[in-house]
Amino acid sequence: MIEHGYADVTGRRLSATDYYELEDAANEAGTNLNQFLHARGIQQFTVYHPADRFWTFQLIEAALFLTTAAVLIGVVVWRVRSRMI
């Protein structure tokens, strides 16, 4: 997930302050927050990475973990050998 939040009818993304003001207004009106937002045209949005990037991210992550593991194994081997001398 890249981003998520709320947007108004024009597509303008609401800041956290805008959202909390709407939440307070819904509480003062005594209405359900979801109904209150829907009546004003506010919609929740979520932006995801495209599915075709999945394996790219997996390969990058695997390379990072393998590199870290190799460095740590090297440190352990060096430490063990230096203590034996």
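The values are calculated or read from the model by the stated rules, or taken from the named source; none is laboratory data. Just so it is clear, the model here is predicted, and its values are computed rather than measured. Note: ideal-geometry Cβ built from the backbone for every residue, glycine included; neighbour counts use all protein chains shown. All accessible areas refer to the heavy atoms of the entire protein, side chains included, with ligands and DNA or RNA removed. Shrake-Rupley method; radii C 1.70, N 1.55, O 1.52, S 1.80 Å.
For beta carbons closer than 8 Å, sequence separation of 6+ or different chains, a first residue in the range 26-39 that is without any contact (Cβ under 8 Å) to a residue 40 or more places away in the chain and a second that is not in a helix (DSSP H, G or I), the qualifying pairs are ALA26/ASN32; LEU37/TYR6; LEU37/GLN43. Evaluating GLN43 against the criteria (1) touching a helix residue (DSSP H, G or I) at 6+ places or on another chain (Cβ under 9 Å); (2) open to solvent by less than 80 Å² (accessible area, probe 1.4 Å) leaves one unmet condition, (2).
Selection of the range 50-68 for residues being small (Gly, Ala, Ser) and under 15 Å from ILE2 (Cβ atoms) yields only ALA51. Scanning the range 40-55 for residues that are in a helix (DSSP H, G or I) and under 18 Å from the mean Cα position of the chain (by Cα) yields ALA51, ARG53, PHE54.
Annotation note: Cβ proximity below 6 Å between a residue of the range 1-17 that is open to solvent by 50 Å² or more (accessible area, probe 1.4 Å) and a residue that is assigned to a loop (DSSP other than H, G, I, E, B) (sequence gap 6+ or interchain) occurs for MET1/TYR48; TYR6/LEU14; TYR6/ILE42; VAL9/GLY41.
All told, ALA29 falls short of being open to solvent by 70 Å² or more (accessible area, probe 1.4 Å) and modelled with pLDDT under 95. Residues considered: THR17, THR67, THR31, THR10. Of these, the only one that is among the hydroxyl-bearing types (Ser, Thr, Tyr) and within 22 Å of the chain's Cα centre (by Cα) is THR17. You will find that of LEU37, LEU72, the residue that is open to solvent by 90 Å² or more (accessible area, probe 1.4 Å), over 22 Å from the mean Cα position of the chain (by Cα) and not small (Gly, Ala, Ser) is LEU72 and no other. Condition check for PRO50 on (1) modelled with pLDDT under 95; (2) open to solvent by 80 Å² or more (accessible area, probe 1.4 Å); (3) of a type outside the set (Ser, Thr, Tyr): one failure, at (2).
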